[in-house]
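This report refers to the structure that appears directly beneath it.
The values are calculated or read from the model by the stated rules, or taken from the named source; none is laboratory data. Bear in mind that the values here come from a model prediction, so they are computed numbers and not experimental data. Every residue, glycine among them, receives a Cβ derived from its backbone with ideal geometry; neighbour counts consider all protein chains shown. Surface areas here come from the heavy atoms of the whole protein model, side chains and all, with no ligands, DNA or RNA. Shrake-Rupley method; radii C 1.70, N 1.55, O 1.52, S 1.80 Å.
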Amino acid sequence: MRDTLLLGILLLSPLVTASLIFLISLFFKNTKQTIYTLLALAGSGISAAIALYISYHSYFEKQIFSSHLFTWLNIGDFTIEVALKADALSSFMILFVAPVSFLIHIYATGYMSRDKSYGRFFAYFNLFIFFMFLLVLADNPIIMFIGWEGVGLTSYALIGFYFGDIQNTYAGNKAFIVNRVGDFGFLSALMLLFLSIPSGGFGFSNIFLSLAHIEPFTLSLIAFLLFVGAMGKSAQIPLFVWLPDAMAGPTPVSALIHAATMVTAGVYMVARFAPLYNMTPEVSLFIAYIGALSALFAALIATKQYDIKKILAYSTMSQLGFMFMALGVGAYSTALFHMFTHAFFKGLLFMAAGAIIVAFHHKQDIRDLRGIKFPKIFIMMAVASLTITAIPPFSAFFSKDAIMGALYASGHLELFAMAFVSSILTAFYMSRLMVVLFFNKGEQVAKESPKSMFYPMMLLTLLSVFAGLLNVPELFGGDLNFSHWLNLADKIYTIPHAKEWALMAVNTLFIALVIYNTYKKYAYTNAIIVEKNYGWVTNKFYIDEFYNKTVVAAIDKLSHFFEKTVSSFLIDEKINLTALAYLKLGKIVSMTENGNVRFYALYMLLGVVSGFVYLYWMLRSAV
């Protein structure tokens, strides 16, 4: 009863408040913003408080919270239950998803304070986190998929929030359609799983028990198709093209999607299916290589971007690539640890970017923001930038170093090398961003911003610094607490301490050199203005153009073929010809119904004669 109550309130609070906000905005047009604010913060805040309570008891007391709501499908001895479960992995997820979402809600009350669609925004916002909670707390992949699709749907509404600009609508459409490609893979995997499990239930525990009875080829195909879904949701090559365009939405949307929710769903899903991926090492290695390519590719593109939000968008794709590298070599807890620290520093970076955009008249091009004077934001953004570049002792130093160590110990030195280069590029593009913004000649002074935008950022600043201490490695006297808590099927990698010290020292030294040289190049110079802003990297390797010329053009031609040939000729024209034939036949038959009494008398006479002829023939046959 307690579990059902807690999980129910955690899940339904944002749904209820989203519904109330929607109804109020629909029927009471002049409602004060304060009402919407209270409802939005209540929905996300209650969920955050319960999430922290559940995570506390999961971590310290190893409790599992579960709730069976009802049986959805029951065929013989095979059942699909609608059930929620907060085991260690789900409790870990809500530990940062719920509080970070709440902090972004507080931030958004200030950022969106002058927006005429304030109520609609928070209705979407609360609905989004409801679906994210459903995804994380689902006890079977069917319910997870419902949350997965709900997150995709609400992100479409949030990305295209300013639909008055057609480009924003295109961005929302792009995100929705590209994610549908990935979701087709996820759904196909679920169908194969459904057909491959003969009895029991479709909950995760029964699925994992049944994996040993599935043929190896089918098992690999299921693992691959599940990862196709993750590639779409977590913006990995080749399904990444929606992520930069998702910056069309308000900045709180970017913070929510990129920091702790939607894009992390793919990482969570692969970690949830860890027993499956441990049985399909070839698919796992494929995941690691896709992650490595995505991390390197996105980091390279970020070095030539000028839109402050798009730099951070490609940064998100790159950091997710690090997580998938760790997942691919079986270091699941390590990947999740980096996702944990990423939630804080990436949320902080997007919030800081939003504060700059609001304070400087919605400018987003860093060339137009050179030399801004914004001390509070500088301090917080500097902390977040040092964190993402993995400078000790900030949190991402511990999480990214753990990934680098796992890659090195796994024996896949090519993956380690790609991760190392990506890490160096991260230091470059983040230093470039910071130096151009704050270390240049300029007279731009920030205008006053709502205080509600700064309080969440202050807390995220502290978490960006200290969150890594929750999972300190043995090298620094820690015990890898998250690994023991999550208890996933991790592969154990060990490196001699001397070698680990050497790897960390080399990595940190190179990062420091990159930061120093970037400062020398861009500080108080016009380097950002005169640098070459054309070519392959600046144009994102023309991937969008390639997709438009090949995939989009092919689908467009196929659609026109179906519209003109199949729909117009084979369907519409044939149906119209059939209808015309019946019309002509009706006109011929209607000639017998002309209203002339003499014709009707003739018909009666013919009928009587026909009847007599029939009787005569019958009597003749009987004789």
Can you tell me which residue is most open to solvent (accessible area, probe 1.4 Å) among those in segment 389-441 that are part of a loop (DSSP other than H, G, I, E, B) and of a type in the set (G, A, S)? G411
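For (1) over 22 Å from T34 (Cα atoms); (2) in contact with an Asp or Glu (Cβ under 8 Å, 6 or more places away or on another chain); (3) among the polar types (S, T, N, Q); (4) open to solvent by less than 20 Å² (accessible area, probe 1.4 Å), each residue gets a yes or a no:
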position: I75; (1), (2), (3), (4): yes, no, no, no
position: L84; (1), (2), (3), (4): yes, yes, no, yes
position: S91; (1), (2), (3), (4): yes, no, yes, yes
position: F96; (1), (2), (3), (4): yes, no, no, yes
position: Y107; (1), (2), (3), (4): no, no, no, yes
position: Y111; (1), (2), (3), (4): no, no, no, no
Members of segment 497-521 found to be within 14 Å of D401 (Cα to Cα), β-branched (V, I, T) and open to solvent by less than 60 Å² (accessible area, probe 1.4 Å), listed by number: T508, I511
Can you find a residue in segment 349-363 that is part of a helix (DSSP H, G or I), within 25 Å of V472 (Cα to Cα) and open to solvent by less than 30 Å² (accessible area, probe 1.4 Å)? yes
For L135, the lone unmet condition from (1) at pLDDT below 95; (2) closer than 20 Å to F227 by Cβ is (1)
Which of the residues spanning segment 241-295 are open to solvent by less than 10 Å² (accessible area, probe 1.4 Å) and either aromatic (F, W, Y) or in the same structural domain as L415 (by TED's automatic domain parsing) (or both)? W242, Y268, F273, Y277
In segment 439-486, what count of residues is obtained for those that are in contact with a helix residue (DSSP H, G or I) (Cβ under 8 Å, 6 or more places away or on another chain), under 30 Å from Y522 (Cβ atoms) and β-branched (V, I, T)? 2
Every residue in segment 489-525 that is under 24 Å from L327 (Cα atoms) and in contact with a Lys or Arg (Cβ under 9 Å, 6 or more places away or on another chain), please. N507
Taking segment 35-66 and keeping only residues that are farther than 17 Å from L23 by Cα and aromatic (F, W, Y), one is left with Y53, Y56, Y59, F60, F65
Taking the condition closer than 30 Å to G535 by Cα, in a helix (DSSP H, G or I) and open to solvent by 10 Å² or more (accessible area, probe 1.4 Å), does L386 pass? yes
Breaking point among (1) over 30 Å from L433 (Cβ atoms); (2) at pLDDT 75 or above; (3) open to solvent by 100 Å² or more (accessible area, probe 1.4 Å), for V530: (1)
Some residue of segment 234-242 being assigned to a helix (DSSP H, G or I) and more than 15 Å from the chain's Cα centre (by Cα): no
Being of a type in the set (S, T, N, Q) and assigned to a helix (DSSP H, G or I) is the filter; apply it to segment 277-333 and report the residue that is nearest to S410 (Cα to Cα). S284
I'm checking my understanding of the structure. Among residues of segment 162-174 that are touching a helix residue (DSSP H, G or I) at 6+ places or on another chain (Cβ under 7 Å) and over 21 Å from N548 (Cα atoms), which one is surrounded by the fewest Cβ atoms within 10 Å (Cβ to Cβ)? F163
Suppose we filter A189, A175, A223, A171 for residues that are touching a Leu at 6+ places or on another chain (Cβ under 9 Å), under 22 Å from A248 (Cα atoms) and in a helix (DSSP H, G or I); which single one remains? A175
Quick check: anything in segment 300-320 closer than 27 Å to P473 by Cα and free of Cβ contacts under 8 Å to residues at least 60 places away in the same chain? no
Taking the conditions exactly as written (under 21 Å from the mean Cα position of the chain (by Cα), within 21 Å of A18 (Cα to Cα) and touching a residue at least 12 places away in the same chain (Cβ under 8 Å)), does L103 satisfy them or not? yes
If you check I129 against the conditions, is it touching a Ser or Thr at 6+ places or on another chain (Cβ under 6 Å) and modelled with pLDDT under 90? no
In segment 557-590, residue least open to solvent (accessible area, probe 1.4 Å) [restricted to those that are under 30 Å from L239 (Cα atoms) and modelled with pLDDT of 85 or more]: L558
For segment 21-49, give me each residue that is without any contact (Cβ under 8 Å) to a residue 40 or more places away in the chain and crowded, with 19+ Cβ neighbours inside 10 Å. I46
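In segment 535-623, which helices (runs of 4 or more DSSP H) lie fully inside it and hold 1 or more residues that are more than 60 Å from the chain's Cα centre (by Cα) and farther than 30 Å from A175 by Cβ?
It comes to 574-590, 597-622.
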State all residues of segment 132-161 that are touching an Asp or Glu at 6+ places or on another chain (Cβ under 8 Å), surrounded by 24 or more Cβ atoms within 10 Å (Cβ to Cβ) and in a helix (DSSP H, G or I); if no residue qualifies, say none. W148, I159
